[in-house]
Amino acid sequence: MDYPPLRTLYFYNRNCNLRCRHCWIEPGFNEKGSEDLAFAEVRELVFQGQALGLDSVKLLGGEPLLLPYIRQFIDFLIVEQLKILIETNGTLIDDDIAARLAEANPFVSISLDGSSAETHAMLRGNPESFDQAVAGVQKLVRNSIRPQVIFCLHKANRHDLDETVNLARDLGAASIKINFISDMGRAQGMANERLSVQEFVDMYHAFCAKSRDDFKVLFDIPPAFHSISTLVRNENARTCGIRNILGVLSNGDISICGIGNIEKELLLGNVRSHSLASVWKDNETLRIIRAGLPGNLGGVCRRCIFKKTCMGRCIANTYHRTGSLLDGDLFCGEAYRLGFFPETRLL
């Protein structure tokens, strides 16, 4: 067998109930799509994935809880004993959704971009979304689910990170993950509000020590910048498992992840005309990725001691900026260019 197991399907709903300024996918706003997959098609897709090694499904958006069959989908994944991962804005979590998820031991991420409605709404647009997201966290916690809070860091909310960390911990979340805002999709309009690579690294060093055994403070930062203590604790260790995932858009298009939403060159087929097995085993783009990672990575990644685990971090973002999947991580490349990439992490 010259292909790895398919471990996770990323299923993207193209629709959302918010118009967040930093969204890298630019989903539709409360739209109804006639081309969207029916639940029967999604179920067949999962069965095909299981034959290839599937053990988890990640639901993303847009907003995944807007899927018209989301409750059926959750129940089905529980019956099939598949791990459920969800990234949601939290506004649509009700008691029924929380109770269903409680049967699954899921990993749920909920967005909170500040400790107040005013700060949160700088990105989310709708001031009511803050109270709705907080209520969503509380409903999960009441059902013994400790979610992860996602905080997207920018210049206007950096002052509020400490209070948001405290809020997430007090609400009962298991962790808070601080994200670096990309420059894809709508986020391209935030160029003057985005922190520099140096500023983001400085924020990491200021906050990484706030992790505790019962509550983690995590940063979406390449492992080359992790402190020794963080490496010892194995925090921030998760990187993109690009060799073991596929993304499926709500119309059935298949991509290496969600990048197919904005880079049509990275669409690999459609589930209505291609079996998952034929794409996973035979697609040329996937063959290039498997053959090229990590040995053919360019830039500073070529010399990095973490390249075998990091795998270029986010090759979709690299493709969006450079037109190449293997050019090397742009965050690390910028740090190296400016002279503060850790020399001790280079071969």
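The values are calculated or read from the model by the stated rules, or taken from the named source; none is laboratory data. All values derive from a computational prediction rather than experimental measurement. Reconstructed Cβ throughout: ideal geometry from the backbone, glycine too, with neighbour counts over all protein chains shown. These area figures cover heavy atoms from the full protein model, side chains too; ligands, DNA and RNA do not enter into them. Shrake-Rupley method; radii C 1.70, N 1.55, O 1.52, S 1.80 Å.
Quick look at the values:
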quantity	calculated
Rounded to 5, percent antiparallel among DSSP beta bridges of the chain	20 percent
Gyration tensor (alpha-carbon) shape descriptor, the stretch 288-347, a/c threshold 1.5	oblate
Rounded accessible area per residue of the chain, 1.4 Å, Å²	43 Å²
Cα principal axis extents for the stretch 1-58, largest first, Å	43, 27, 17
The chain, helix-only ellipticity at 222 nm - DSSP H runs n ≥ 4, -39,500 (n - 2.57), divided by all residues, nearest 500	-9500 deg cm²/dmol
Relative contact order (percent, whole number), the chain, Cα cutoff 8 Å, 6+ residue spacing	17 percent
Average projection area in nm² (convex hull over Cα atoms of the stretch 168-243, one quarter of hull surface)	6.6 nm²
Student exercise, the chain dipole from Lys, Arg, Asp, Glu Cβ charges, in Debye to nearest 20	940 debye
Relative counts (whole %) of C-alpha pair distances in the stretch 173-309, using bins that are 5 Å wide	2, 8, 14, 15, 16, 17, 14, 9, 4, 1, 0
Highest-fluctuation residue, 191, 104, 224 considered, GNM on the chain with Cα pairs under 10 Å	191
Inter-label distance for residue 277 and residue 85, nm, one decimal - labels placed 7 Å from Cα along Cα-to-Cβ	2.6 nm
Kirkwood Rh, Cα atoms: Rg over Rh of the stretch 105-225	0.96
Residue pairs, from the table 210/307; 139/308; 58/139; 177/308; 155/210; 83/177, whose Cα atoms sit over 32 Å apart	139/308
Longest to shortest principal axis, alpha-carbon extents of the chain, angstrom	51, 46, 37
